[in-house]
Structure formats: C-alpha cells, structure tokens
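Asks: Okay, handing you the structure first.
The values are calculated or read from the model by the stated rules, or taken from the named source; none is laboratory data. Since the structure is predicted, the reported quantities are computational estimates derived from the model, not experimental observations. Using ideal geometry, Cβ is built from the backbone for each residue, glycine included, and neighbour counts are taken over all protein chains shown. These area figures cover heavy atoms from the full protein model, side chains too; ligands, DNA and RNA do not enter into them. Shrake-Rupley method; radii C 1.70, N 1.55, O 1.52, S 1.80 Å.
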Amino acid sequence: MFTASDEKALLEQIDSTLLPKHIAIIMDGNGRWARQRHLPRIQGHYKGAKTAKRIIRCCHDLRIPYLTLYAFSDENWSRPSIEVNALMKLLNTYLDKELREMMDNDIQLRAIGNLDKLPEVILKSLQQTIEQTRNNRSLVLTLALSYSGRDEIIRGINKLIKAREHGHATDEEVTAESFSQWLDSAGYPDPDLLIRTSGELRISNYMLWQLAYSELLFVDTLWPDFDESSLLKAILDFQQRKRRFGGLIDRSGSAKIVEPNR
Ligand code: FPP
C-alpha cells in the first residue's frame, strides 16, 4: 500500500504504539475541487468516493480499529435534488461494489444517523452489508448518513425515555457513560482524532457528544486530494499532541477501547 518514497519516509516516523484507535473525518471540499476544474459538483463526489476507498484501505493497513466518515449530513437533504440523488446513487454503487473488498479485508460496516430518512432501496442495501460484515473485526468502518449530532443526542434521549416507560431500562441517575449507550455509536471508543479537510474551521454538527476530548486537525487540502501521505501526516501531527483529558498527566495513547455492542 505505502509505495511512494515520501509515504515510506512518513511511515518510518510513525510510532505504532501511539496510533489513534478511532479516526473521524469530515470529508469536505468535493464541490470546490470540481469547480476548480470546471466540472459538475458530482464529479467531485465521485473523486471523493475514490479518496474514501484509499483512506479506508490505509487505515486498515495501519491497523486503526475504527474509522467514521461523514458521508451525508442531515442538512445535506436540503441540497438540490439532482445532487442528493447523485449522492444516493454513489452510495448505492459503493455498497454494491465494496462488499467483496470488505469481506476480503475483514472490514465491518456500520452506520450512524437518522437512517429511516434514507430511500428504501439504499437502507435495504446498507442493512444487508451491515449484516454480512458483522463478524469482521480488523476495522469498524462507520458511515455517518443522514447524520446530525444534535439529532443523535435527541434520539438517544427519546430512546431512553421509551425504554424506561416500557420497563426496559432502570430509572437510575443518568451518567455520561450510561447515556453514551443510547447513542448510535454505543460501544465505540470516542474518536481520538477528528480530521476536517478543505480549510473550514467548524464541527458542523458532527459527533458532538463523542468529540468532547478529541484532537482536532483542520487541513487545507480538499477531500478529493487527501491521500495516503496526508493521512500519515495527520497521524504524525496527532502523535505530537499532549492529551491530558482535562487533567495534568499526559495520557496520550491510553484511550479506552470498548468492544462494539452487537
Ligand atoms: C462535502 O463536500 C462532501 C459531501 C457532502 C459528501 C461526501 C461524500 C463523499 C466523499 C462520497 C461518498 C463516500 C462514500 C464512502 C460512498 P461539499 O460538497 O460540501 O464540498 P464544497 O464545500 O466544496 O462544496
């Protein structure tokens, strides 16, 4: 995988004992990438999907256990229908074509977000891929689809209220740890590193609860141009950070890892 000489040089600098256990990415800049080339926006998304495949493979090869990609936000539904339809088609093709690759590489697919809003055909295909890959262990690849962090928290609260009403949850005091189990990401370790491409300095409603102590990295590169070297540089940057989680002791590399609930 890491064939270019700059990639090999970067790889040599990486401390394999201090890798992030969970990387979350806001893949931004597809539209601008296309505009710079006088191409329709969807061409930027096509190139962006190719980048996503390369970065997934790269995380797999680095043995990073969790990767969560912001593939479609709840707010993205308000884009022109031609773009929304093209993105849904792209997602469908991705699910169709990548199952073999996921099985061959022991990649488990999961999804977070308000999935009920997805077109039925996509939801079915997504659920089938999730089911078929559920025993894979090398990498948990999560697509955030129709996702909004606030919506995830509100849905979590409502799930907890309903469960209590039906006697499926005790009425003990809610703690941060217990509440996490009502989120779509239940059982995941929080992201150690958030990367946002394209130079925008915002979180844009992404994993609001889970990013509380994540290291944030904003890079100018547009997502379609983000490559293996960009990811390795991001990891090197992460490894320079001192992580104290609000305390005084550097706890870099000590992120807790929890087995996903199945
Ligand atoms: C943001 O760029 C990107 C999106 C809204 C979609 C992200 C989707 C992909 C990368 C492809 C699908 C991925 C998979 C894994 C199937 P933007 O359109 O907001 O760019 P702009 O800010 O430059 O206009």
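Asks: Report the far tail of the P(r) of the stretch 108-262, meaning the percent of Cα-Cα pairs longer than 23 Å.
Replies: Summing the P(r) of the stretch 108-262 above 23 Å gives 50 percent of all pairs.
Asks: Shifting gears a bit: Report the Stokes-Einstein translational diffusion coefficient (µm² s⁻¹, integer) for the chain, Rh taken as the Kirkwood radius over Cα pairs, at 37 °C with viscosity 0.692 mPa s.
Replies: This corresponds to a translational diffusion coefficient of 170 µm²/s.
Asks: Taking the Cα centre as origin and putting +1 on Lys and Arg beta-carbons and -1 on Asp and Glu beta-carbons, what dipole magnitude results for the chain, to the nearest 20 debye?
Replies: Using only the charged Cβ atoms, the result is roughly 460 debye.
Asks: Here is a further query. Between rounded, prolate and oblate, where does the stretch 16-142 land on the alpha carbon gyration tensor, with a ≥ b ≥ c its root eigenvalues, rounded for a/c under 1.5, else prolate if a/b exceeds b/c?
Replies: Because a/c hits 1.5 or more and a/b fails to exceed b/c, the stretch 16-142 counts as oblate.
Asks: Express the carbon and sulfur contribution to the solvent-accessible surface of the chain as a percent, rounded to the nearest whole number, probe 1.4 angstrom.
Replies: The C+S portion of the solvent-accessible surface of the chain is 50 percent.
Asks: Which whole-angstrom value gives the distance between the alpha carbon centres of the stretch 181-218 and the stretch 1-64?
Replies: 17
Asks: Using the Kirkwood radius over Cα pairs, work out the Stokes-Einstein diffusion coefficient for the stretch 139-218 at 10 °C and 1.306 mPa s, in µm²/s as a whole number.
Replies: D, rounded to a whole number, is 113 µm²/s.
Asks: Accessible area per residue for the chain in Å², computed with a 1.4 Å probe and the full protein assembly in place, what is it?
Replies: 52
Asks: Can you list the DSSP H helices in the chain whose Cα atoms extend at least 15 Å along the helix axis and whose mean Kyte-Doolittle hydropathy is 0.0 or higher?
Replies: Those that pass (Cα extent of 15 Å or more, hydropathy at least 0.0) are 228-240.
Asks: Hey, another quick one. In terms of Cα to Cα distance under 17 Å, which lysines are near enough to K124, apart from those fewer than 8 places away along the same chain?
Replies: In chain and number order, the partners are K89, K97.
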